[in-house]
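Chemist: Pasting a structure here, questions to come.
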Amino acid sequence: MNPRTKQLTVLAMLTAIGAVLITLVHFPLFPSAAFLQYDPADVPILIGAFAYGPVAGVIITVLASFIQAFFLGGDGVYGFLMHVIATSALVLVSATIYRFKHTRAGAVVGLCCGTLTMGLVMMAANHFITPIFMGAPTEVVDAMLLPVILPFNLLKAGINSCITFVVYKAVSRHIVHGEPRNDVSKPEAENI
């Protein structure tokens, strides 16, 4: 398969997985703020960003968010905008650092910095955007920034970063780089 075609196919698959995960797997992390829902959709997006670069990660983010927000019963423009801002912050920082320091340590540093960036960016995004779309007074939103919004985003990004760190090598080895899996129907001696 042509490398460009393969890359587009993998990016489309990761986009679809991200959209499905946003839609099917979501639950509140803080009972006091049930509207803030955790979802693991950033995992396939981070995998795509680590494999193909930060721009590819942002493209997957925009496409998966658009599909979920407007075709799968998401939160419309507000949900789309907030998800794009949050995940893009995580992906751009994480994948950029990993691109320059392509090691396990680089991945850890990138994911940690991306997690912190997402937390800080979402404080600003909530301060400016949430009052416009949700009609809540800015003072009410600001009162939630440190005790709820920052911890939620740090926790969400941290969980997704940890999952990505654990699964990236195995997933990229087979899906991105196309290494064949061992055939389980053959005797063990032939697989060694």
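Chemist: Which of the residues spanning region 60-73 are at pLDDT below 90 and either among the acidic types (Asp, Glu) or surrounded by fewer than 18 Cβ atoms within 10 Å (Cβ to Cβ) (or both)?
Modeler: Listed by number, the residues that qualify are PHE70, PHE71, LEU72, GLY73.
Chemist: Before we move on, is PRO40 open to solvent by less than 50 Å² (accessible area, probe 1.4 Å), closer than 19 Å to SER172 by Cα and part of a helix (DSSP H, G or I)?
Modeler: Answer is no for this residue.
Chemist: What residue, among those in region 21-37 that are surrounded by 15 or more Cβ atoms within 10 Å (Cβ to Cβ) and in a helix (DSSP H, G or I), is farthest from the chain's Cα centre (by Cα)?
Modeler: ALA33
Chemist: Quick check on this structure: which one of LEU155, LEU120 is hydrophobic (A, V, I, L, M, F, W, C), open to solvent by 20 Å² or more (accessible area, probe 1.4 Å) and in contact with a strand residue (DSSP E or B) (Cβ under 9 Å, 6 or more places away or on another chain)?
Modeler: Answer to the check: LEU155.
Chemist: A follow-up question, please. Could you identify the single residue in ALA69, ALA33, ALA12 that is without any contact (Cβ under 8 Å) to a residue 12 or more places away in the chain and either within 20 Å of ALA170 (Cβ to Cβ) or of a type outside the set (D, E, K, R) (or both)? First the steps, then the outcome.
Modeler: Details: ALA69 fails: without any contact (Cβ under 8 Å) to a residue 12 or more places away in the chain; ALA33 fails: without any contact (Cβ under 8 Å) to a residue 12 or more places away in the chain.
None of the others qualify; the one that does is ALA12.
Chemist: Looking only at region 99-112, count every residue that is open to solvent by 50 Å² or more (accessible area, probe 1.4 Å) and either hydrophobic (A, V, I, L, M, F, W, C) or assigned to a helix (DSSP H, G or I) (or both) and tell me the total.
Modeler: Count: 7.
Chemist: Just one of GLY48, GLY76, GLY57, GLY18 is open to solvent by less than 50 Å² (accessible area, probe 1.4 Å) and more than 24 Å from TYR168 (Cα to Cα); which is it?
Modeler: Only one candidate passes the filter, namely GLY76.
Chemist: Please give the number of the condition HIS83 fails out of (1) part of a helix (DSSP H, G or I); (2) within 20 Å of SER172 (Cβ to Cβ); (3) open to solvent by less than 50 Å² (accessible area, probe 1.4 Å); (4) touching a helix residue (DSSP H, G or I) at 6+ places or on another chain (Cβ under 6 Å).
Modeler: Among (1) part of a helix (DSSP H, G or I); (2) within 20 Å of SER172 (Cβ to Cβ); (3) open to solvent by less than 50 Å² (accessible area, probe 1.4 Å); (4) touching a helix residue (DSSP H, G or I) at 6+ places or on another chain (Cβ under 6 Å), the lone unmet condition for HIS83 is (2).
Chemist: Filter region 124-140 for residues that are farther than 19 Å from VAL84 by Cβ and part of a helix (DSSP H, G or I); which is most open to solvent (accessible area, probe 1.4 Å)? It would help to see each step written out before you state the result.
Modeler: Initial filter on region 124-140 (farther than 19 Å from VAL84 by Cβ): 135-140.
Now restrict to residues that are part of a helix (DSSP H, G or I): 138-140.
On the way: THR138: 49, GLU139: 134, VAL140: 75 Å².
Checking each candidate, the answer is GLU139.
The values are calculated or read from the model by the stated rules, or taken from the named source; none is laboratory data. Just so it is clear, the structure is predicted and the values come from calculations on it, not from any experiment. Virtual Cβ from ideal backbone geometry, glycine too; neighbours counted across all protein chains shown. Just the protein is used for accessible areas: all its heavy atoms, side chains included, with ligands, DNA and RNA removed. Shrake-Rupley method; radii C 1.70, N 1.55, O 1.52, S 1.80 Å.
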